[in-house]
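Q: Here it is: the structure, laid out below.
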Amino acid sequence: MTSSDVPTVPVGAVPTAFDDADPAPGAQLLDVREPDEWALGHAPGAIHIPMVDVPARLDELDIDAELYVVCRQGGRSIEVVRYLAHVGYEAVNVAGGMVAWQQTGRPVVADGDHEAKIY
């Protein structure tokens, strides 16, 4: 599977339910960035599993859900979508990652008391 073969959607195609802490029923937004990136800012309804931990934490993902995978700009999420397809999940890459998420005005929250910022 080449990167052009990886199912990809624009940020605007991700359900707006992920704009708050109550994700869309039947859908999951998986953020595969590193913990320090997550702490700076992330989508309110996302699940955080760093890329290297995905194989060991598959049980945290719903195999029947619409699975949207996001990273900073799209490179890591493409690789995770490839892996998930290989092990039987239907997942899509979110084009442009969290940078595009913030640029399009989708909400971003942060851990701690600092302002959320992706870039």
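The values are calculated or read from the model by the stated rules, or taken from the named source; none is laboratory data. Note that this is a predicted model, so its numbers are computed, not measured. Cβ atoms come from the backbone with ideal geometry, glycine included; neighbour counts cover every protein chain shown.
Q: Got at least one residue in region 98-106 being over 15 Å from W38 (Cβ atoms) and crowded, with 16+ Cβ neighbours inside 10 Å?
A: Yes, region 98-106 contains a residue that is over 15 Å from W38 (Cβ atoms) and crowded, with 16+ Cβ neighbours inside 10 Å.
Q: Go through region 28-48 and count every residue that is within 11 Å of the chain's Cα centre (by Cα) and among the small types (G, A, S).
A: Of the residues in region 28-48, 3 are within 11 Å of the chain's Cα centre (by Cα) and among the small types (G, A, S).
Q: M51 versus (1) in contact (Cβ under 8 Å) with a residue 40 or more places away in the chain; (2) touching a Cys at 6+ places or on another chain (Cβ under 8 Å); (3) more than 16 Å from Y119 (Cβ to Cβ): which is the lone unmet condition?
A: Tallying (1) in contact (Cβ under 8 Å) with a residue 40 or more places away in the chain; (2) touching a Cys at 6+ places or on another chain (Cβ under 8 Å); (3) more than 16 Å from Y119 (Cβ to Cβ), M51 fails exactly one: (1).
Q: Only residues that are in contact with a helix residue (DSSP H, G or I) (Cβ under 7 Å, 6 or more places away or on another chain) and either of a type in the set (G, A, S) or in a loop (DSSP other than H, G, I, E, B) (or both): list them for region 8-26, please.
A: P23, A24 - these are the residues of region 8-26 that are in contact with a helix residue (DSSP H, G or I) (Cβ under 7 Å, 6 or more places away or on another chain) and either of a type in the set (G, A, S) or in a loop (DSSP other than H, G, I, E, B) (or both).
Q: Within region 62-94, take every residue that is part of a loop (DSSP other than H, G, I, E, B) and within 10 Å of the chain's Cα centre (by Cα) and give me the one that is surrounded by the most Cβ atoms within 10 Å (Cβ to Cβ).
A: Within region 62-94, the subset part of a loop (DSSP other than H, G, I, E, B) is 62-65, 71-74, 87-90.
Then keep just the ones that are within 10 Å of the chain's Cα centre (by Cα); that gives 71-72, 74.
Numbers: C71: 24, R72: 20, G74: 22.
Taking the candidates together, the pick is C71.
Q: Of the numbered conditions (1) surrounded by 20 or more Cβ atoms within 10 Å (Cβ to Cβ); (2) modelled with pLDDT under 95, M1 satisfies every one except a single condition; which is it?
A: (1)
Q: While we're here: Give the residue, chosen from D59, D113, that is assigned to a helix (DSSP H, G or I), of a type in the set (D, E, K, R) and surrounded by fewer than 20 Cβ atoms within 10 Å (Cβ to Cβ).
A: Working: D113 fails: assigned to a helix (DSSP H, G or I).
None of the other options fit; the residue is D59.
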